[in-house]
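The values are calculated or read from the model by the stated rules, or taken from the named source; none is laboratory data. It should be emphasised that the depicted structure is a prediction, and the values quoted were computed from it without experimental measurement. Cβ sites come from the backbone with ideal geometry, for glycine too, and all protein chains shown count toward neighbours. Areas reflect the complete protein model, heavy atoms only, side chains present, ligands, DNA and RNA absent. Shrake-Rupley method; radii C 1.70, N 1.55, O 1.52, S 1.80 Å.
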Amino acid sequence: MKIIATHVSSDFDSFAGMVAAKKLYPDAKIILPGSINQNVRKFISIYEDELPQSFEPADIDIFAVKKIIIIDTSIASRLGDLKSIAEKKGTEIIIYDHHCKSPYDILNADKIIKDTGATTSILVSILKKQDIIINSFEATLFALGIYEDTGSFSYPNTRPLDFEACSFLLKMGASLSVVAKFLNPPMDQIQHKLLEKLISASKKININEKKIILSSTETEKFTEGLSIITRKLGQIEDVDIVFCWVKMKDKTYLVARSDDPSVDVSGIIKVLGGGGHAQAASAVLKDAGIKDIENRLIASLYKNIKKPMVARDIMSYPIRTVSEDASIEKVNDFLKKYGHTGIPIVDSSNGIVGIITRKDVDRALKHGLSHAPVKGFKSRGLVTTGPNTTVEEIQRMMIENGIGRIPVVVRGEAVGIVTRKDILRYLHGKIKTGAGKSAAGTNQEKFYPSPEVVKERLMFYLPESIFSVLKKASFTAKKLKVKVYLVGGLVRDLLLGMPNLDVDIVVEGDGIALAEKLAHESGARVESYQKFKTAVIIFENYRHIDIASSRIEHYKEPAALPDIEPGSITQDLARRDFSINTLAISLNEDDFGRIIDFFGGRKDLGEKKIRVLHKLSFVEDPTRILRAVRFEQRLGFKMDMQTEKLAILSIKMNILKGLNGIRIRDELVSIL
């Protein structure tokens, strides 16, 4: 006997996935779980005649089952009464799922797991590929599953495959009016009463700047739709993260919802045996007290909700300023040199008194005021912030005040500045991190590993002696009060699963001082270069580690060697050749192993793409054209369309003629 099964508390995605699987395995029986989402149950009661026949677990002989097709879960314990079949020796198991890998996953199974917003999308893509006919009713049901699990394509886990699947389903006659009807059902009187009890019992807590609602109660009878009620509670209280648990008879049902991409509720409720998605998860508990659940939940929240990023984490520094007596012409030259769109103005005591933007300078020049002092054009009502202000608060300040840059001030002295670009870089990295919770074996898992996994990979690929130096660098950096990062090709190749012993470290601060201290502690010698603020630690076995102070570069003319100035890690990474080489790994004690990705490097690794960071990249350094070809051939990557066009344009402009023979020779040696 063959059966198709899914997890308890089945939703539209899992139910639709079972019906889709039935089309792939016509001789298999659909077995409904013991508990089903209220909306799904209503759908079945209305459209029962249109659906394939289904059975209850009690209707089948468990020992007669030779093959089980599991939909939307890889965890045996979530199958309820069918758990024993998945654990029985000799049972053939096939799994279709889109959830992230967990230590509780079934091991002896054929798995079709993809990084999608809904499991139904995976099955629909297979049906489409095999030219299996889908009628309009089936298309509607499958669309319901996809719309539900992607939050109508608004959840961060939504992928192109979800859109493609729904586009196909609409062509097959899916009814969006039916989808809307079942995804937004009205609450009945019993559910309203339960919502009122949960509102009265709710408590708001704040963990690392995240507002969270916890609420619990008891009812004598089982009440369906707790997921709808939980979502409604969050909307009423205007809070993105909500946990509700209700004891009904002998079981306690817990539902978690998150509209915050950085908070994965499925990971939080794992301590209670629950599961689901980053935005929606649930658990069913027996013999668990209301207060015990709350205590375990709060402990998990503190463990899983990380401290928010603050101004000091993303600000640009060292901060550049201009004197209030400087001329508009001088400020114009300054902005051109550094590519800034605005700059703070300081008075004689070096206190910030305003900001002037590129637009202000252009207007002054237009009116023939190039020699006028800049103080006459500074912004009024200066807005500043402190180093511990959260990024979310800084965004709010920018929006409310209509400004694009906010100086970070400590005891009257500007220590940095947060610009729109810094915010966008942070948001870009944050979205990628949020997306990292995904299916096993996907690009997300490979290129978005946790700090613990990064540490394990470093230990695997690097000799023990080199890894121990990285740990010493972490300790030494803390003593010197500087930040230290692993950068370059090693980080890229670590994510690709390729060995690389070319160890480059960047220090936010004095790199030479850290190199000398580290060499002394490791019994190695050091060679330093004060002009470039770099050093090389050389060990007895001739292995070496390059250490540099973080910096920015300016090119006076095409193909010229750059002028160097101190900068932050963000600015240091921004000067790299291609996005795949802008990745860094924090070696700092508080977040050792965290990957820093401001420029979409991991996404380009996954797509096997070589991409420059700006349009003048090849003009500033034409050797990057040769490097792009080398990476294409070595890694099996391809320049994206824009990068290839820029390379060809630079060649046509004869930019390469500015290079000397030594630089070309070095690139050819690397290629060979």
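Here are the numbers for the structure shown:
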| quantity | calculated |
| --- | --- |
| Pairs of alpha carbons in the chain whose separation is greater than 35 Å (percent) | 54 percent |
| Expected 222 nm ellipticity per residue - DSSP helices of 4 or more, -39500 (n - 2.57), all of the chain, to 500 | -12000 deg cm²/dmol |
| 10 Å beta-carbon shell around PHE243, net charge (K/R +1, D/E -1) | 0 |
| For the range 173-180, Karplus couplings with θ = phi - 60° (6.51, -1.76, 1.60), whole Hz, Gly/Pro x | x, 4, 9, 6, 5, 5, 4, 4 |
| For the range 252-267, 3J(HN,Hα) per residue [Karplus equation, 6.51 cos²θ - 1.76 cosθ + 1.60, θ = phi - 60°, Hz, x = Gly/Pro] | 10, 9, 10, 10, 10, 9, 9, 9, 9, x, 8, 10, 9, 6, 5, x |
| Phi-based couplings in Hz for the range 147-152 (Karplus 6.51, -1.76, 1.60; Gly and Pro marked x) | 4, 5, 7, 9, x, 6 |
| Per residue Cα convex hull volume in Å³ - calculated over the range 184-312 | 103 Å³ |
| Cβ-Cβ FRET estimate between GLU220 and ILE46, R0 fixed at 22 Å, reported to 0.05 | 0.15 |
| Relative counts (whole %) of C-alpha pair distances in the range 513-672, using bins that are 5 Å wide | 2, 8, 13, 16, 20, 17, 13, 7, 3, 1, 0 |
| Whole-number D in µm² s⁻¹ for the range 444-518, Kirkwood Cα-pair radius fed into Stokes-Einstein, 20 °C, 1.002 mPa s | 164 µm²/s |
| Evaluated over the range 1-92, the Cα radius of gyration and Dmax, each in Å | 12.3, 39 |
| Rounded to 10°, Cα long-axis angle of helix 290-304 versus longest principal axis of the chain | 30 degrees |
| For the range 39-96, average projected area of the Cα convex hull in nm² | 4.8 nm² |
| Burial order of peptide ranges 566-579, 208-221, 375-388 (average beta-carbon count within 10 Å, highest first) | 566-579, 208-221, 375-388 |
| Full-stretch length increase - GLN633, ARG363 - with 0.36 nm per residue and alpha-carbon distance subtracted | 92.3 nm |
| Convex hull projection area averaged over all views, the range 167-212, Cα basis, nm² | 6.1 nm² |
| Descending semi-axes in Å of the range 273-318, equivalent ellipsoid built from Cα gyration tensor | 35, 14, 5 |
| Where Rh is the Kirkwood radius over Cα pairs, Rg/Rh for the range 48-161 | 0.98 |
| Rounded FRET efficiency, nearest 0.05, which uses the C-beta distance separating ARG525 from ASP333 and R0 of 35 Å | 0.20 |
| Long-range tail of P(r) for the range 157-251 (Cα pairs > 23 Å, %) | 44 percent |
| D (Stokes-Einstein, µm²/s), Kirkwood Cα radius, the range 592-672, 1.567 mPa s at 4 °C | 95 µm²/s |
| Amide H contacts of LYS609 (H built 1.01 Å from N, under 5 Å, at least 5 apart or other chain) | LYS638 |
| Kirkwood-Stokes translational diffusion coefficient of the range 610-651, alpha-carbon pairs, 25 °C, 0.890 mPa s, µm²/s | 244 µm²/s |
| Linear extension gain, LEU24 paired with ASP510, 0.36 nm per residue minus alpha-carbon span | 168.7 nm |
| Accessible-area composition of the chain, carbon plus sulfur, in percent [1.4 Å probe] | 53 percent |
| Order by protection proxy (mean Cβ within 10 Å, highest first), peptides 406-413, 45-52 | 406-413, 45-52 |
| Highest-first arrangement of 361-367, 604-610, where packing means the average Cβ count within 10 Å | 604-610, 361-367 |
| FRET efficiency for GLU607 and ALA64, using Cβ-Cβ distance with R0 set to 35 Å, rounded to 0.05 | 0.15 |
| For the range 461-605, fraction of C-alpha pairs farther apart than 23 Å, in % | 33 percent |
| P(r) of the range 94-180 over all Cα-Cα pairs, binned every 5 Å from zero, in whole percent | 3, 15, 25, 23, 17, 10, 5, 2, 0 |
| Reciprocal of mean inverse Cα separation for the range 332-382 (Kirkwood radius, Å) | 11.4 Å |
| Residues whose placed amide H lies under 5 Å from that of GLY342, excluding near-sequence neighbours | ARG358 |
| All-pairs Cα distance distribution in the range 560-620, expressed in whole percent, bin size 5 Å | 4, 17, 22, 23, 18, 10, 5, 1 |
| Compactness of the range 476-543 - radius of gyration and Dmax, Cα, Å | 12.8, 35 |
| Other-chain or far-sequence residues with amide H under 5 Å of ILE596's (modelled H) | ALA584, ILE585, SER586 |
